[in-house]
Each structure stands twice: as structure tokens, then as C-alpha cells.
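Below is one structure, written out as C-alpha cells; comments come after it.
The values are calculated or read from the model by the stated rules, or taken from the named source; none is laboratory data. Note that this is a predicted model, so its numbers are computed, not measured. Don't worry about glycine lacking a Cβ; one is built from the backbone with ideal geometry, like all the others, and counts go over all protein chains shown. For the accessible areas, the whole protein counts, side chains as well, though only heavy atoms, and no ligand, DNA or RNA atoms are used. Shrake-Rupley method; radii C 1.70, N 1.55, O 1.52, S 1.80 Å.
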Amino acid sequence: MQFHEVRFPTALSFGSIGGPERRTDVVTLASGFEERNTPWAHSWRRYDAGIGLRSMDDIDTLIAFFEARRGQMYGFRWKDWADFKSCKPSAQVSATDQVIGTGDGVATEFALRKAYASGDAVYARPVAKPVVGTVLVALDGAAQVEGADFSVDVVTGVVSFVAAPSTGVLVTAGFEFDVPVRFDTDRIQTSAATFQAGEVPDVPVVELRV
């Protein structure tokens, strides 16, 4: 994977638009009923980085970031301001936010994930890019100490325990996370509207599978 572990400047991503996208194949039968299927197990996100830009300095920062990524060549981290925590945006991250597994006395590695629930339906989203220093972990509600009890790979989102959690022990975690993305264009067009303000009408960004 050609990926740079660097985050798109948050001052520029704030105010951007975007969100999850699904793909559903819908077939209408002769009876009028529908059959619906999806080839995607997980949603895919798109954003527009151009919306949040306000000044010529912002444009300068964007161009520098774009050139360093070689356009679409290298992926990077993106903060989705509407969805970047294991909890609600207004809440504080806690070690019991998300269930990431159950101990069996053997497994020492557990992948971070975030559950989205509505009614009886639940979608579990893999989280591969946690933010350094934000991951909290608990076993049956008892807080664990990073470095002593566990470590976390911020490149893959895998939590590794020094000792395997006992059988039946609930493994939970809380964290902030980024979305792995890349630019969806090899060209940026700018306009110097005034000496102090500029405009970048469209800077598409798309999520990567990692």
C-alpha cells in the first residue's frame, strides 16, 4: 500500500462536505417486487476538501500537501469531523465505548472497530487508522495500561495484549480515528479571487481500502 502516515491539515478539512456511500443493486421483478443485493461489505466515503478553504495561505498549504502526495499516488489520513470518535462527537472517549472481541485464553490481538446500530440492525466498521495516544482499552471494564498491558499499531488498528485475555472476558476500546484516503484527481485548479482570498472549487478525496 502506497500510503503516507500523515493527516490532511485539519484546519482545511473543517467545513468540508462528504460522508458514507453504499452500493446497492436493485432488480425489479415482473411481479413488481424487488430484489436488492450489495457487493460491498463496507461503506465507502467521499469528501470535498475544497469547501473548507478560505485564504491564499490555505491554498498554499493544500498545494504543498497535494504535491507531497504526488496527486493520487499516495494515500493519507483524513479527519472526518462528523465521525472521528468511538463515541458520540459530544462525548469523551472511554475504554468501554466499543466491544472489539471476547477473550478465549489464546488470542492476543484484536482489531479496532466501531459499531453503528439502529433498531436490531448493527454494522461493524473496521478502524485501521487510530490516532496516536487516543486508544483506551479495558478488560471486563477494568482499564489497561498501554505499554504495560497492551500496545496498539496505529498503522493497522490492531491491539496486542502482553497476555491473552481469559476466556469470556469482554475486550473493549475507545479511540479517535482517521479515514485512510487519497486524492481522487491529479489536477488542482485554483483562482486568486482577491489578493487575500482564493478559491479551489473542487478537491475530491476518496476512502481507501487498507
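What to note about this one:
- Taking label points 7 Å from Cα along the Cα-to-Cβ direction, THR38 and SER191 give a separation of 3.7 nm.
- Three-way shape call for the range 1-117 based on the alpha-carbon gyration tensor, with the a/c threshold at 1.5: oblate
- P(r) weight above 18 Å for the range 121-210, C-alpha pairs, percent: 61
- Only protein heavy atoms count here; on that basis, with a 1.4 Å probe, TYR116 has an accessible area of about 70 Å².
- The range 107-150, accessible surface, carbon-and-sulfur percent (1.4 angstrom probe): 54
- Counting protein heavy atoms only, the range 5-71 has 53 percent of its accessible area on carbon and sulfur, 1.4 angstrom probe.
- Where the range 70-210 is the region considered: accessible area per residue in Å², 1.4 Å probe: 51
- GNM top mover of ASP178, ASP83, ASP25 - the chain, alpha-carbon springs below 10 Å: ASP25
- The range 85-142 - Rg (one decimal) and Dmax (whole number), Cα, Å: 12.3, 36
- Cα-only radius of gyration and Dmax that characterise the chain, units Å: 20.3, 65
- Accessible surface, per residue, of the range 1-62 when the full set of protein chains is kept, probe 1.4 Å, Å²: 65
- Only Lys, Arg (+1) and Asp, Glu (-1) charged, at Cβ; the range 95-210 dipole about Cα centre in debye: 160
- Cα-based Rg of the range 53-111 normalised by 2.2 N^0.38 Å, two decimals: 1.81
- Value of [θ]222 nm, deg cm²/dmol, for the chain, DSSP H segments ≥ 4, -39500 (n - 2.57) each, nearest 500: -2000 deg cm²/dmol
- Relative contact order for the chain: 27 percent, from Cα pairs under 8 Å spaced at least 6 residues apart, divided by residue count.
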